[in-house]
Amino acid sequence: MLAQEIIRTKRDGRALDAAQIEAFVKGLTDGSWSEGQVAALGMAVFLRGMGRDEAVQLTRAMMHSGRVMTWPAMPGPVLDKHSSGGVGDKVSLMLAPLVAACGGYVPMIAGRGLGHTGGTVDKLESIPGYRTTPEPADFDRIVRSLGCAVIGQTADLAPADKRFYATRDVTATVESVPLITASILSKKLAAGLQGLAMDVKCGNGAFAATPAFAQELAESIVSVATGAGLRTRALITDMNQILGTEVGNALEVLETVRYLRGDAREARLHEVTLALAAEMLVLGHLAPDLPAARAKLQAALDSGAAAEKFAQMVVALGGPSDLLVAPEKHLPAAPIVVPVPAPRTGVLTGMATRDLGMLVVEMGGGRRVASDRIDMRVGFSAVRPLGTACQVGEPIAFIHAADAAQAERAVAAYVAATQWGDAPPPSTPLVLATVG
């Protein structure tokens, strides 16, 4: 079956049949499709779309392009969470050990940065020694013994998606509902899950910039997952500003440590983490309802049980044994740290969140092309949220840069990405809707 004829079918707006989709996925896996052909079909799907049956078929085909995990005799429910991507979203790092501390088992297969959003795997690789691609037997052992392990895609787990994911990132075909759905669920289904909580970000820092797009994506994921036998709930959450106070790979790990230790828990980040983790506990029958789940989660935080799970996971995957108590000793730090001054006296009423995510990429904290090496040190810290009242010149964030020239450019770009007024903006609920 010729690749160009499959591309032509979708280019002309016709549905791909199962044989064509299987041929495409085989070509992704064995390399018989060139990068140009993969990119062309991705663009054709982006422009022409896919029906639900096509999306289900693509998801299943990519799921079965490699190993499909099973968890026989697991003493508790196998659960996971996934985010559609935002700026400053480090929820996975704290949520996996938190759910494990409450009796869940979380074999989290995370992704790298995509477009303007940071990737969980990139963040973990800022931890010296942390292995994001352990041997399958080690992954199985760690999940069973500790309750959680957060790793990247291994070569044998949904390998078709791994290649397609990298190509989409550099060909402007990220914001496609069927492709996002298939990418997420092919990995989650291959991980052998029994319940999935999905965080669909919505706003100017999300792939789903509008409520309509976010609703479409949430419904697509829930529909395809449910059709494949995976119980799923999706929360649509606000991403019109940075989540948490830190952005950048090492900086977000540092914020995770401080969160788990109880040193600082930014309100929006804490709410998203508890909301998603509570859905997971209810899906896994570890709590009868959401209020009971939230109480159980808060107790795991307050007792230090979640922090201890995180520390144990880091050690089990090759990281330092004292990361929890001395993170600054191990995480790489930028040589230049400068404040971003408020351009006027007033209230921070808006931020171009996607632009700020792209600023981190431009500083080297993300990838322009798939082969780029990431600078783990760069990013922002002490980010002030919307509604903050400032005097002119007061810091609204701090830039962590590789050199003085980069810092100067980043300060100007950060200021340009903010909007100011004399009164606070209207409040927006953090969880906008629930699907499933």
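Among the residues here, VAL91 does not qualify as open to solvent by 10 Å² or more (accessible area, probe 1.4 Å) and closer than 30 Å to VAL272 by Cα.
For region 176-223, a tally of residues being more than 22 Å from LYS90 (Cβ to Cβ) and modelled with pLDDT under 90 returns 2. Of the helices (runs of 4 or more DSSP H) lying entirely inside region 1-97, those carrying at least 3 residues that are of a type in the set (Lys, Arg) are 3-11. In the set ASP156, ASP122, ASP161, only one residue is surrounded by 24 or more Cβ atoms within 10 Å (Cβ to Cβ), of a type in the set (Asp, Glu) and either touching a residue at least 12 places away in the same chain (Cβ under 8 Å) or closer than 27 Å to GLY365 by Cβ (or both); that residue is ASP161. The set of residues in region 379-406 being out of contact with any helix residue (DSSP H, G or I) (no Cβ under 9 Å at 6 or more places or on another chain) and surrounded by fewer than 18 Cβ atoms within 10 Å (Cβ to Cβ) consists of ALA382, GLY387, THR388, ALA389, GLN391, VAL392, GLY393, GLU394, PRO395, ASP403, ALA404, ALA405. Can you tell which of ARG344, ARG373, ARG367 is surrounded by fewer than 19 Cβ atoms within 10 Å (Cβ to Cβ), in a loop (DSSP other than H, G, I, E, B) and modelled with pLDDT under 95? One residue alone meets the criteria, ARG373.
Rundown of residues vs (1) more than 30 Å from ALA137 (Cα to Cα); (2) not basic (Lys, Arg), yes/no style:
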site: HIS330; (1), (2): no, yes
site: ALA333; (1), (2): yes, yes
site: VAL340; (1), (2): yes, yes
site: ARG367; (1), (2): yes, no
site: ASP375; (1), (2): yes, yes
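Every residue, every condition in (1) without any contact (Cβ under 8 Å) to a residue 12 or more places away in the chain; (2) in a loop (DSSP other than H, G, I, E, B); (3) over 24 Å from ARG268 (Cα atoms); (4) among the hydroxyl-bearing types (Ser, Thr, Tyr), yes or no:
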position: VAL325; (1), (2), (3), (4): yes, yes, yes, no
position: GLU328; (1), (2), (3), (4): no, no, yes, no
position: ALA334; (1), (2), (3), (4): no, yes, yes, no
position: VAL338; (1), (2), (3), (4): no, no, yes, no
position: ASP355; (1), (2), (3), (4): no, no, no, no
position: PHE380; (1), (2), (3), (4): no, no, no, no
position: GLY387; (1), (2), (3), (4): no, yes, no, no
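The values are calculated or read from the model by the stated rules, or taken from the named source; none is laboratory data. Quick caveat, the model's predicted, so the values are computed rather than measured. Every residue, glycine among them, receives a Cβ derived from its backbone with ideal geometry; neighbour counts consider all protein chains shown. All accessible areas refer to the heavy atoms of the entire protein, side chains included, with ligands and DNA or RNA removed. Shrake-Rupley method; radii C 1.70, N 1.55, O 1.52, S 1.80 Å.
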